[in-house]
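Student: Got a structure for you, written out below as structure tokens; questions coming shortly.
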Amino acid sequence: MSAGARSLVDQIVRTRAELSEALADPDLSADRVRYADVNRRWFHLSEAFTLADRWIDATGRVDEAREMLAEGDDDDVRSLLDEAERELADLEPRIREALIEPDPDDDRDTLVEIRAAAGGEEAALFARDLLDVYTRYAESRGLKVELMSTSEADAGGLREATIAVKGGGAFAVFKHEAGVHRVQRVPATESQGRIHTSTATVAVLPEVEDVDVTIDRADVKRDVYRSSGPGGQSVNTTDSAVRLTHLPTGIVVSMQDEKSQLQNFERAMRVLRARLYERAREERAREMSDARKSSIGSGDRSEKVRTYNYPQNRVTDHRVGVTVPLREQVLVGNLTALTDALSAQERQQRLEEQSDGGAPQ
């Protein structure tokens, strides 16, 4: 029997007792944050509790069989011992797997921000392509997409766009899209047939409520102005566009797609809350483990999480080394092979970190 497994099971038993005591506390329901945390931990560890009980039972059968064999060899008892030891060997990795702490934000809705980076007009066209891909992918997963804001570029491209994706596990579905995406293709305006490389950056933010992030309105500078279309063309004769500046952090959010100033303000506040929450997430990630931190980088062509190669009709995710067809899968909104590989990698990283750090706290 592994000493490591015994230590994990002992910790699981203690954690179950602590959570049971917390759930029995009549004051628990009055504290929304603590109530949610205790119930989340109980739900997450429920399988670990079951497996720990099985491990304790199998350990008891091993000890009993060994005591009986010490008094005299018996084929039936030895068979029972072998069976119990096999069960223990099978249970240990399953217990470690059950203890992997999930990202607490996985079940949240999410905001996805796409921005054209290096490459001018071609980068803007690529940003438009990514918006289409993500919209199709979200809809294929049964998620609802809300177009929050767009900033049009020339030739039909996008300087930037923000979408809200709503539904169970939306953040978990999209969080690995964060980073620099690189496209290699021949632009329609390229007469020599040369391949150009352009990039777009993607930021993925869990959407949060007022109770998750408290914003002091005195810390927010609000500017209003007239919204404009491509090339600065005015599309509204009233000051409906809103720009919010969070003074303590310098975060700036602009919204102009709605005709109502109030609607633009409310959308801008949603984005501001999400960015502040993500800022706090990144600070926690740096403290806990540099391996968990993700960044979209500067948008330079040399930085990338994924490459979309049109001449070779392939998309390669450089984090997991997985390549899938571009036109037959990605462009029609099928990112499943990529996101599944990235989710598996995340679980493996969490398992390794848990092994280094011990049992659940």
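Student: Describe numerically, in nm with one decimal, the distance between label points set 7 Å from Cα along Cα→Cβ at Asp73 and at Ser29.
Tutor: If labels sit at Asp73 and Ser29, their model points lie 6.3 nm apart.
Student: Here are several values of Rg and Dmax of the Cα atoms in Å: [x] 26.1, 96; [y] 24.6, 77; [z] 22.0, 69. Which one was derived from the coordinates shown?
Tutor: Correct label, based on the coordinates given: [x].
Student: Hey, with R₀ at 41 Å, roughly what FRET efficiency would Glu21 and Lys144 work out to, going by the Cβ-Cβ distance, to 0.05? Could the numbers behind the result be given before it?
Tutor: Working: r = 40 Å, r/R0 = 0.97.
Efficiency at R0 = 41 Å is approximately 0.55.
Student: Could you pull out every one of the lysines with an alpha carbon less than 22 Å from that of Lys166, ignoring same-chain neighbours closer than 8 positions?
Tutor: Lys144, Lys175
Student: Please list 3J(HN,Hα) in residue order for the stretch 44-58, calculated via the Karplus relation 6.51 cos²θ - 1.76 cosθ + 1.60 where θ = phi - 60°; whole Hz, with x for glycine and proline.
Tutor: For the stretch 44-58, the Karplus curve yields 5, 8, 4, 5, 4, 4, 5, 5, 5, 4, 5, 5, 5, 5, 5 Hz.
Student: Mean-square fluctuation check for the chain, GNM, Cα pairs under 10 Å: which of Gly142, Gly169, Gly157 is largest?
Tutor: Result for the chain, Cα springs under 10 Å: Gly142 fluctuates most.
Student: With point charges of +1 on the Cβ of Lys and Arg and -1 on the Cβ of Asp and Glu, referenced to the Cα centre of the chain, which listed residue (Gly4, Val224, Asn313) lies farthest in the positive direction of the dipole?
Tutor: Val224
Student: In whole Hz and in residue order, list the ³J(HN,Hα) couplings for the stretch 4-15 that follow from phi through the Karplus curve 6.51 cos²θ - 1.76 cosθ + 1.60, θ = phi - 60°; x for Gly and Pro.
Tutor: So the J values, rounded to whole Hz, are x, 5, 4, 5, 5, 5, 4, 5, 4, 4, 5, 5.
Student: Asp154 to Asp132: extension gain in nm, 0.36 nm per residue of separation minus the Cα-Cα distance?
Tutor: 6.2 nm
Student: Another one. What number, in percent, do you get for the relative contact order of the chain if the mean sequence gap of Cα pairs under 8 Å and at least 6 apart is divided by its residue count? Please report the intermediate quantities before stating the final value.
Tutor: Details: 584 pairs, mean separation 59.2, N = 361.
This gives 16 percent for the chain.
Student: Connecting C-alpha atoms closer than 10 Å in a GNM of the chain, tell me which of Met68, Met148, Met269 has the biggest fluctuation.
Tutor: Met68
Student: For Lys259, which lysines qualify as cross-link partners when the Cα separation must be under 21 Å and same-chain residues fewer than eight apart are set aside?
Tutor: Those lysines meeting the cut-off are Lys221.
Student: While we're looking at this one, here's another question. Just subtract the alpha-carbon distance of Ala89 and Asp37 from 0.36 nm times their residue separation and send over the number in nm, one decimal. Write out the running numbers ahead of the final one.
Tutor: Values: separation 52, 0.36 × 52 = 18.72 nm, distance 3.18 nm.
So the extension gain works out to 15.5 nm.
Student: To the nearest 500 deg cm²/dmol, what mean residue ellipticity at 222 nm is calculated for the chain from DSSP H runs of n ≥ 4 alone, each contributing -39,500 (n - 2.57), summed and divided by the residues?
Tutor: When only DSSP H runs of four or more count, the value is -15500 deg cm²/dmol.
Student: Which loop-located trypsin sites (Lys or Arg not before Pro) does the stretch 1-98 contain, where loop means any DSSP state but H, G, I, E or B and the Cβ has at most 16 other Cβ atoms within 10 Å?
Tutor: none
Student: Using a Gaussian network model of the chain with C-alpha springs under 10 Å, which one of Pro325, Pro187, Pro248 is most mobile by mean-square fluctuation?
Tutor: Pro248
None of the figures in this text is laboratory data; all of them are computed from the coordinates on show. Every value quoted in this text rests on a predicted model; they were computed, and no experiment measured them. Please note: Cβ atoms are built from the backbone with ideal geometry, for glycine as well, and neighbour counts cover all protein chains shown.
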